[in-house]
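A.B. asks: Got a structure for you, written out below as structure tokens; questions coming shortly.
Please treat every number below as a calculation from the coordinates, not as lab data. No experiment lies behind these values; they were computed from the predicted model shown. Cβ atoms come from the backbone with ideal geometry, glycine included; neighbour counts cover every protein chain shown.
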Amino acid sequence: MSIQIKDEIKAYYGGIAKSVTEASKSSCGCSASCCGEVSNESFLYSEEFLKGVPMEAVNASLGCANPLVLANLQKGETVLDLGSGGGIDVLIASKYVGETGRVIGLDMTDEMLELAHANLKKSGVQNVRFVKGYIEDIPLESETVDVVTSNCVINLSEDKEQALKEAYRVLKNGGRFAIADIVQLKPVSDDIMQNVQMWVGCISGALEIQAYKALLEKVGFKSVEITPVNIYTKEIVRQIADDKKLGDIYSQMDENMLDGAFAGAHVKAYK
């Protein structure tokens with residue numbers, strides 16, 4: 001990942017973490033109604049998934065779908081969440097793997113890791129740890145996890161092949177890759193695909209479905225399934241851009257080209 005892209009991503013997601021932390025200290029308690037600048041992705045998760053998860057973890061989530069509906073987590077399994085942010089998917093996963101299982105959250109942003117540790121303390125969960133690192137260079141031994149999850153993170157990487165190779169490396173034989181990510185459904189202009197700020201906004205780094213599938217198979221994954229679940233109309237993309245303060249960038253783009261060009265998708269494969 002280039003220094004420019006990496007720094008943009010760190011700055012953006014570090015800012016989200018700071019906003020959530022500051023909002024949680026306010027008298028309103030950071031409910032969805034009083035924290036307009038904080039992302040609230042609770043609509044992606046049913047009440048069952050969110051039960052017991054601190055609201056700060058929910059408000060720090062910038063996901064595109066719920067990857068855990070794919071994962072079929074079992075008691076005693078070890079799970080790795082790539083780009084774990086404030087910890088929402090890690091804390092949810094911890095309930096399904098139970099006391100005999102463990103969940104590891106990996107993130108490169110100091111502010112998100114600080115928020116994740118605070119959320120972990122609030123939750124009282126004992127089978128979770130957060131580590132600092134990059135998805136292209138995972139600081140774990142090979143063949144040590146049963147499931148790799150992630151939520152709208154792989155698309156941020158400039159070196160997706162390396163990130164997927166690393167996910168494959170740390171999985172045990174027979175392990176599952178079950179993530180949510182942004183995919184591209186139709187061609188868009190080079191300006192959109194190359195724009196750094198839209199990349200940080202989770203749009204411009206997306207792969208076409210067939211290219212994504214081919215890359216997963218290239219690094220060794222089998223039985224690859226990629227299913228769009230949240231198609232982004234131009235209205236939705238405009239709202240995303242506004243929420244992420246990218247409205248000026250969006251206004252310079254062709255709305256009709258963007259309409260239905262991207263989607264949040266479920267991606268599943270096996271080692």
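A.B. asks: Points 7 angstrom from Cα along the Cβ direction at Asp242 and Thr227: gap in nanometres?
C.D. replies: Reported label-point gap for Asp242 and Thr227 is 3.2 nm.
A.B. asks: Is the shape of the stretch 102-206 rounded, prolate or oblate, going by the alpha carbon gyration tensor and its root eigenvalues a ≥ b ≥ c, with a/c under 1.5 for rounded and a/b larger than b/c for prolate?
C.D. replies: Oblate.
A.B. asks: Moving on to the next point. For a paramagnetic label modelled at 7 Å from the Cα of Gln74 toward its Cβ, which residues of the stretch 144-159 fall within the zone defined by backbone nitrogen distances under 20 Å?
C.D. replies: Backbone N within reach: 144-150.
A.B. asks: If you restrict to DSSP beta bridges whose two residues both lie in the stretch 135-271, what percentage is antiparallel, to the nearest 5?
C.D. replies: Roughly 75 percent of the beta bridges in the stretch 135-271 run antiparallel, per DSSP.
A.B. asks: Counting pairs on different chains as well as pairs 8 or more places apart, how many Lys pairs in the stretch 170-271 have Cα atoms under 13 Å apart?
C.D. replies: The number of close lysine pairs in the stretch 170-271 is 6.
A.B. asks: Another question, if that's okay. Residues in the stretch 148-184, backbone N under 19 Å from the label point at Gln210 (7 Å along the Cα-to-beta-carbon vector): list them, ranges by number please.
C.D. replies: Under cut-off, by backbone N: 183-184.
A.B. asks: Taking amide H atoms as placed 1.01 Å from N in the peptide plane, list the residues 5 or more away in sequence, or in a different chain, whose amide H sits under 5 Å from that of Leu207.
C.D. replies: So Leu207 has HN proximity to Gln184.
A.B. asks: Another question about this same structure. If each of Glu161 and Gln252 carries a label point 7 Å out from its Cα toward its Cβ, how far apart are those two points in nm?
C.D. replies: In this crude spin-label approximation the distance works out to 3.0 nm.
A.B. asks: Highest first, please rank the peptides 221-232, 164-175, 97-108 by the mean number of other Cβ atoms sitting within 10 Å of their residues.
C.D. replies: Top of the packing list down: 97-108, 164-175, 221-232.
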